[in-house]
Amino acid sequence: MDNISFKLPNGETLAILGKTGSGKSTIAYLIARLYDVTSGQLSIDGKPITEINLDDLRNSIGFVPQEAFLFSDTIKNNIKFGDENATDSVIENAAKNAHVHENIIQFSKGYETLVGERGVTLSGGQKQRVSIARAIIKNPQILIFDDCLSAVDTETEEIILNNLKKVSKDKTTIIISHRVSSAKNADHIIVLDKGKIIQQGNHDSLVNQEGFYQDLYNQQLTEQLLD
């Protein structure tokens with residue numbers, strides 16, 4: 001990362017776009033303190049992240065990685081991992097918001113369906129959505145979605161994003177993606193390239209500005225029309 005600097009007000013949404021290897025996930029890992037910054041400072045609520053109790057920090061974050069990790073257990077228990085005390089109705093509601101409830105009830109054992117090692121029972125998109133339900137049910141203050149909609153089609157993505165908008169109200173949300181469709185409703189958007197911020201603004205300002213975001217928008221719009 002090279003002189004990255006930005007502020008994200010509490011309760012707002014930031015989208016981070018960029019090519020593979022541009023440093024998008026690194027920001028998410030730093031916020032979750034999977035590793036620390038070697039220079040500069042990362043602060044949450046005005047407090048250096050290194051001064052925040054690690055358990056408290058992690059408990060306040062719902063993190064959904066691109067490669068969803070599921071346990072060899074039931075779908076229900078995989079979602080409940082976000083909140084061990086969650087009732088069945090709360091679990092189902094989280095699954096509905098993650099747009100995976102309809103898939104789950106089609107299994108003969110429904111929520112009691114056993115997920116194989118690393119989630120082999122489910123498709124890539126279903127695994128990602130179960131992982132989203134797990135983060136939602138945790139009811140964290142910070143939600144981080146690290147390219148976790150890459151395995152779903154744009155129509156499903158739109159439904160999930162609309163649900164997440166309601167769920168993440170008053171939560172600080174970071175959406176990492178390579179799709180403009182995931183970023184367009186964010187309060188703030190930054191575009192990374194080789195560890196540097198090359199563009200920042202909101203959708204309306206960036207789509208009217210020559211550069212990476214506008215090119216990506218036009219390219220993905222064309223691909224959508226051709227589908």
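FYI, it's all coordinate maths here, none of it is from the lab. This structure is a prediction, so every number in the text was calculated from the model and none was measured. All Cβ positions, even for glycine, are placed from backbone atoms using ideal geometry, and neighbour counts span all protein chains on display.
Here the Karplus curve 6.51 cos²θ - 1.76 cosθ + 1.60, taken at θ = phi - 60°, turns the phi angles of the stretch 127-135 into couplings of 4, 4, 6, 5, 5, 5, 4, 4, 6 Hz, with x standing for Gly and Pro.
Close amide H partners of Ala32, meaning residues 5 or more places away or on another chain with modelled amide H under 5 Å apart, do not exist here. A simple packing score, the average count of other Cβ atoms within 10 Å per residue, orders the peptides 126-136, 158-168, 211-221 as 126-136, 158-168, 211-221, with the highest score first.
Nearest-5 percent of antiparallel DSSP beta bridges in the chain? Percent antiparallel among DSSP bridges in the chain is about 30. Multiplying the residue separation of Lys96 and Leu57 by 0.36 nm and removing their Cα-Cα distance gives an extension gain of 11.3 nm. Measuring between alpha carbons in the structure, the pairs from Lys138/Lys184; Lys47/Lys194; Lys76/Lys138; Lys138/Lys166 lying more than 22 angstrom apart are Lys138/Lys184; Lys47/Lys194. Between the C-alpha center of the stretch 125-183 and that of the stretch 201-227 there is a gap of 20 Å.
Once the Cβ-Cβ distance of Asp88 and Glu210 is raised to the sixth power relative to R0 = 45 Å, the FRET efficiency obtained is 0.30.
With a point put 7 Å past each Cα toward its Cβ, work out how far Phe69 is from Asp2 in nm, to one decimal. Those two pseudo-labels are separated by 3.2 nm.
For Leu42, the residues 5 or more places off, or on other chains, whose built amide H falls under 5 Å of its own are Ile49. Note that the stretch 167-177 has calculated 3J(HN,Hα) couplings of 5, 8, 4, 6, 9, 7, 10, 10, 10, 9, 7 Hz, one per residue in order, obtained from phi through the Karplus relation 6.51 cos²θ - 1.76 cosθ + 1.60 (θ = phi - 60°); glycine and proline are x. Only alpha carbons enter this Debye calculation for the chain, each as an equal point scatterer, and the log10 of I(q)/I(0) it gives at q = 0.09, 0.15 Å⁻¹ is -0.38, -1.02. Each Lys and Arg Cβ is given +1 and each Asp and Glu Cβ -1; about its Cα centre, the chain then shows a dipole of about 260 debye. When only the Cβ of Lys, Arg, Asp and Glu is charged (+1, +1, -1, -1), the dipole of the stretch 68-139 relative to its Cα centre reaches about 200 debye. Helical runs (DSSP H, four residues minimum) scored at -39500 (n - 2.57) apiece and divided by the length of the chain put the mean residue ellipticity at 222 nm at -11000 deg cm²/dmol. For a quick check: with amide H placed at 1.01 Å from N, whose amide H comes under 5 Å from Leu143's, ignoring anything fewer than 5 positions away on the same chain? The answer is Gly62, Thr172, Thr173, Ile174. Sequentially through the stretch 108-116, phi angles give Karplus couplings (6.51, -1.76, 1.60; θ = phi - 60°) of 4, 9, x, 5, 8, 4, 7, 8, x Hz, Gly and Pro residues having no value and appearing as x.
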